[in-house]
1. Between L86 and W124, what is the FRET efficiency for a Förster distance of 35 Å, r being their Cβ-Cβ separation, to the nearest 0.05?
2. What list do you get for Y87, Y52, Y145 if you sort them by fewest beta carbons within 10 Å?
3. Hey, with R₀ at 25 Å, roughly what FRET efficiency would K59 and I140 work out to, going by the Cβ-Cβ distance, to 0.05?
4. Assuming R0 = 22 Å, can you tell me the calculated FRET efficiency for the pair V46 and W104, based on Cβ-Cβ distance, to the nearest 0.05?
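What follows draws every value from the coordinates through simple rules; no lab data is involved. Quantities reported herein were computed from a predicted structural model and do not represent experimental measurements. Note that we place each Cβ from the backbone using ideal geometry, even for glycine, and neighbour counts take in every protein chain shown.
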Amino acid sequence: MSCFLRRGTTTIPEVNLCSSCFKNGACETVPVTLIIVNTGMTASVVFFALGYIFRKRLKLHRPFMIMGIFANLLSALALLFSVYVLYLGDREAAGFIATVSPFWIFVHRFVASTAFLLMFVMAWTGLRHDRKRHVRLHLIFIVLYLFTYITGLLFFTTEAS
């Protein structure tokens, strides 16, 4: 994996932002973004599961669900910032190397985007005490979110094969 910070590719010459890039011509730093994203998404799944377990006790249900939403948001922001800001859209340079065909990456992204939007609808219906819609949507959300979580773990790695 090469780093976008190699000599000659930065807009400011002689700025050494990644010292290991200059040793062997390739970046030797560990791509930690995938680890951060996976850890954050795992935390959100755990928080959502705890919230679901305590769904009958609102004083416990709400804080766990809100923590799940924040863990998901922070993980998504880390992912997007890494890929689109730090690595200018190069997903592989950011440490997210696909292990499946582009079609399955598209499916993962589509389902992830749908689950992400549905997460906010779930939060809105929960905060507004719209129990009927909230309960109807939760099964769809659980399936989409778990699909996204599992495919994210299986479809991406930090090492090229």
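1. Numbers: r = 32 Å, r/R0 = 0.91.
E(calc), rounded to 0.05, equals 0.65.
2. Working: Y87 20, Y52 14, Y145 24.
If I rank by nearby Cβ atoms, fewest first, I get Y52, Y87, Y145.
3. Working: r = 26 Å, r/R0 = 1.03.
With a Förster radius of 25 Å, E is 0.45.
4. Values: r = 26 Å, r/R0 = 1.16.
Approximately 0.30, to the nearest 0.05.
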